[in-house]
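Read through the structure below, which is laid out as structure tokens, and then see the notes.
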Amino acid sequence: MSDDHTHVQEFFGALAAGWDSRFPDDGPAYAAAVAEMGLREGDRVLDAGCGTGRALPPLRKAVGPSGLVLGADLTPAMLEAAVRAGRDRDGRLVLTDVAALPLRPRSLDAVFAAGLIAHLPDPADDLRELARVVRPEGVLALFHPIGRAALAARQGRRLTPDDLRARDNLRPLLAGSGWRMTSYADEDDRFLALAVRAS
């Protein structure tokens, strides 16, 4: 996708109001993905590209009241939809680009990113920025509530060998960006790649 933020904001801004109604049954998939991250009470976690904040409730449940949950998105309309849905009660919402996070190095324990990687203008640099803000051995979850083939079919396109989320492409991309992939699942009903921050 273009690195022109205006394009991203216009695209997602136009969809924000009806986003949750387009995908009303995704909640359990989000909760299951968060559960696989192994978060603990008191952990500090970022939902990168949080959109309408669908991951914020399960993230809050995982880290408890003493944990920190941040939701970062580039599109004001998406964050407004998160507030209308009441998800700002589960996490602090921040209007920012995940490629330049206003966070100290190693200040987080984990990052959750649903559907984000396809929208990163420079995936290697942007994943490196996520690694910058996570402590060594912290967790990254790259998630989508449906798998690559199902998503391609929904979008009327074919999978290509250069798909960033293909295992053989994603593993070296993560490794070159400060992450070590620890598990990979690409099934009809979900995509989930977990990685840990290299020391």
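The values are calculated or read from the model by the stated rules, or taken from the named source; none is laboratory data. If you're wondering where the values come from, they're calculated on a predicted model, not measured in any experiment. All Cβ positions, even for glycine, are placed from backbone atoms using ideal geometry, and neighbour counts span all protein chains on display. Remember, those area values only see protein heavy atoms, side chains included, never the ligands or the DNA or RNA. Shrake-Rupley method; radii C 1.70, N 1.55, O 1.52, S 1.80 Å.
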When you scan the stretch 62-88, how many residues do you find that are in a helix (DSSP H, G or I) and free of Cβ contacts under 8 Å to residues at least 12 places away in the same chain?
-> 2
Say we look at the stretch 82-92 and pick out the residues that are more than 17 Å from the chain's Cα centre (by Cα) and among the aliphatic types (A, V, I, L, M); which of these is surrounded by the most Cβ atoms within 10 Å (Cβ to Cβ)?
-> A85
Of the residues V111, V139, which is β-branched (V, I, T) and more than 22 Å from P76 (Cβ to Cβ)?
-> V139
Residue by residue through the stretch 113-126, note down the ones that are among the hydrophobic types (A, V, I, L, M, F, W, C) and in contact with a Pro (Cβ under 9 Å, 6 or more places away or on another chain).
-> A114, I117
Pick from the stretch 38-74 the residues that are among the aliphatic types (A, V, I, L, M) and open to solvent by 10 Å² or more (accessible area, probe 1.4 Å): which of them is farthest from P105 (Cα to Cα)?
-> A62
Helices (runs of 4 or more DSSP H) completely within the stretch 93-199 that count 1 or more residues being at pLDDT 95 or above and open to solvent by 10 Å² or more (accessible area, probe 1.4 Å) | 123-132, 167-175
